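**Student:** Below: one structure in structure tokens.
Coordinate-derived values only; no laboratory data. In this text, all values refer to a predicted model and were calculated from it rather than measured experimentally. Counting neighbours? That spans all protein chains shown, and the Cβs are built from the backbone with ideal geometry, glycine included.
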Ligand SMILES: NC(=O)c1ccc[n+]([C@@H]2O[C@H](COP(=O)([O-])OP(=O)(O)OC[C@H]3O[C@@H](n4cnc5c(N)ncnc54)[C@H](O)[C@@H]3O)[C@@H](O)[C@H]2O)c1
């Protein structure tokens, strides 16, 4: 297959491309604008492979997309390009509306017109896979709440996004489903929980905590740190994505999650305890933790019911949280220069949020 991957220079997109080049025989075209979050060095393990190509394109530019489809002639699209950081969306939502909504619309429309003129056999095999988030469902009752019964997000949970980021992803999901229902575009949708692992931009909780600890900088925690997230190691996510591409049923959504619910503060403690063993200092890294003002509209709990993808496609994560965190910490220690260079592209405005009282 020829697979067009958008956002392939980002955290999950680069893990997906490394997987596709290293574990399959497909050709991959990486379509990426290279925003602050895009980094071609994340692909250095595969960028010399003749089956990999890169083109710098903004998906808001539909002419450039048309040209790219005409030249590359993809058999499938895996759409990951997005503005992805909730804090940035709260500070300024413009880019989120442009890339996540307008960009997804452009991609869908260019893909639909391209797909419609394919010969019948290629048309029946074509897939448009949209990579989305569990944040579109809003949040779930927390164990501290009276109505907590261990609820999980399923594929039929109504959409109730809280942040501008989640709302823009929800809008993109609705567009993707509409292009399937109205035009018959053969789509697949995945909604995944929080990812972590190698090449994660150090503005997100796990890489930020590890890097700040190693640099002996304060480790910010929003509010009391009781928010619960369901963590998934990124390599488990990309295996699920490829399985859905190969075997998923057209028009269907698959929720992907790690069954690893943990409060943010507890997670940071696990990271500090692990670092205390691997890179001991005179005092525990926990002494660097500082509570800062909570994020506006902060979702309190996410948790995924991944039974559909397990029952229908046989997927389950390979890594426990402990194994994934060990690998991630070791990766940051071994790639500290990559992390420090990436951290230099962090937003000063987001940094100010992390130091507010
Ligand atoms: N990170 C998570 O925990 C998580 C969980 C579930 C779903 N997702 C979804 O997975 C996808 C990838 O997430 P990520 O964490 O790798 O994001 P990321 O921010 O690390 O990477 C996004 C990539 O998209 C590119 N991009 C941004 N705007 C673009 C545009 N207009 N045109 C072309 N390229 C553009 C960036 O340059 C970057 O390479 C996103 O759609 C996100 O919503 C992420």
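**Student:** Taking 0.36 nm per intervening residue step and subtracting the Cα-Cα distance, what contour gain separates residue 337 from residue 148 on full extension? Intermediate values should be presented prior to the final figure.
**Tutor:** Details: separation 189, 0.36 × 189 = 68.04 nm, distance 4.32 nm.
The residue 337-residue 148 span can extend by a further 63.7 nm.
**Student:** Given a 10 angstrom Cα cut-off, can you work out which residue in 144, 212, 194 is the most mobile in a GNM of the chain?
**Tutor:** 144
**Student:** With only alpha-carbon pairs counted, each pair once and no self-pairs, how large is the Kirkwood hydrodynamic radius of the chain in angstroms?
**Tutor:** Roughly 20.8 Å, rounded to one decimal.
**Student:** For a quick check: sort 318, 300, 88, 53 by the number of other beta carbons within 10 angstrom, fewest at the front.
**Tutor:** Lowest to highest Cβ neighbour count: 318, 53, 300, 88.
**Student:** What FRET efficiency comes out for residue 310 versus residue 49 if R0 is 30 angstrom and r is the Cβ-Cβ distance? Round to the nearest 0.05.
**Tutor:** 0.40
**Student:** Enter the angle in degrees (range 0 to 90, nearest 10) between the Cα long axis of helix 205-214 and the first principal axis of the Cα atoms of the chain, meaning the one along which they spread out most.
**Tutor:** Rounded to the nearest ten degrees, it is 50.
**Student:** Among DSSP beta bridges whose residues both lie in the chain, state the antiparallel percentage, nearest 5. It would help to have the intermediate numbers written out before the result.
**Tutor:** On the way: 3 of 39 bridges.
Around 10 percent antiparallel, to the nearest 5.
**Student:** Please state the relative contact order of the chain as a whole percent: Cα pairs under 8 Å, 6+ residues apart? Let's see the in-between values first.
**Tutor:** Working: 656 pairs, mean separation 61.4, N = 357.
Computed value for the chain: 17 percent relative contact order.
**Student:** Have a look at 99, 182, 133 and tell me which one the Gaussian network model of the chain (Cα, springs below 10 Å) gives the largest fluctuation.
**Tutor:** 182
**Student:** When a footprinting reagent is the concern and you count Cβ atoms within 10 Å, what order do 189, 1, 78 take, fewest first?
**Tutor:** Taking fewest neighbouring Cβ atoms as first place, the list is 1, 189, 78.
**Student:** Which of rounded, prolate, oblate describes the range 101-251, given a ≥ b ≥ c as roots of the alpha-carbon gyration tensor eigenvalues and a/c under 1.5 marking rounded, otherwise prolate only if a/b is larger than b/c?
**Tutor:** It comes out prolate by the Cα gyration axes.
**Student:** State, as an integer percentage, the relative contact order of the range 142-289 based on alpha-carbon contacts under 8 Å between residues 6 or more apart.
**Tutor:** 28 percent
**Student:** Go from 0 up to the bin containing the longest alpha carbon distance in the range 165-306, width 10 Å each, and give me the % of pairs per bin.
**Tutor:** 11, 32, 31, 17, 8, 2, 0
**Student:** Give the Kirkwood hydrodynamic radius (Å, one decimal) of the range 245-324, defined as one over the mean of 1/r across all pairs of different Cα atoms.
**Tutor:** 16.0 Å
**Student:** Run the quick spin-label model on residue 330 and residue 295: label points 7 Å from Cα toward the beta carbon, then report their separation in nm to one decimal.
**Tutor:** Taking the two extended label points, one gets 2.9 nm.
**Student:** With all pairs of different alpha carbon atoms counted, what Kirkwood hydrodynamic radius in Å does the range 1-129 show?
**Tutor:** Roughly 14.9 Å, rounded to one decimal.
**Student:** Any idea what Rg and Dmax come out to for the range 108-147 if you just take the C-alpha atoms, in Å?
**Tutor:** Expressed in Å, the Cα Rg and Dmax of the range 108-147 come to 19.4, 57.
**Student:** Report the full-extension gain for the segment residue 216 to residue 349: residue separation times 0.36 nm, less the Cα-Cα distance, to one decimal in nm.
**Tutor:** Between residue 216 and residue 349, full extension yields 45.8 nm more.
**Student:** Quick one: which of 101-108, 221-228 comes out on top by average Cβ neighbours within 10 Å, and what's the full order, highest first?
**Tutor:** Top to bottom by mean Cβ count within 10 Å: 101-108, 221-228.
**Student:** Counting helices only, and only those DSSP H runs with n ≥ 4, report the 222 nm mean residue ellipticity of the chain as the sum of -39,500 (n - 2.57) divided by its residues, in deg cm²/dmol to the nearest 500. Mind dumping the intermediate values first?
**Tutor:** Numbers: 13 runs with 143 residues, N = 357.
Computed mean residue ellipticity for the chain: -12000 deg cm²/dmol.
**Student:** Additional query: Measuring from label point to label point, each 7 Å out along Cα→Cβ, what is the residue 120 to residue 283 span in nm?
**Tutor:** Modelled inter-label distance: 7.4 nm.
**Student:** Let me ask something additional. What residue among 44, 163, 282 has the largest mean-square fluctuation in a Gaussian network model of the chain, using Cα springs under 10 Å?
**Tutor:** Looking only at 44, 163, 282, the biggest GNM fluctuation is shown by 282.
**Student:** Where does the range 152-239 land on Rg(C-alpha)/(2.2 N^0.38 Å)? Don't skip to the answer; put the middle values down first.
**Tutor:** Values: Rg = 16.9 Å, N = 88, 2.2 N^0.38 = 12.1 Å.
For the range 152-239, the normalised Cα radius of gyration is 1.40.
**Student:** Once you keep just the Cα pairs under 8 angstrom separated by 6 or more residues, what percentage relative contact order results for the range 1-60?
**Tutor:** It rounds to 38 percent for the range 1-60.
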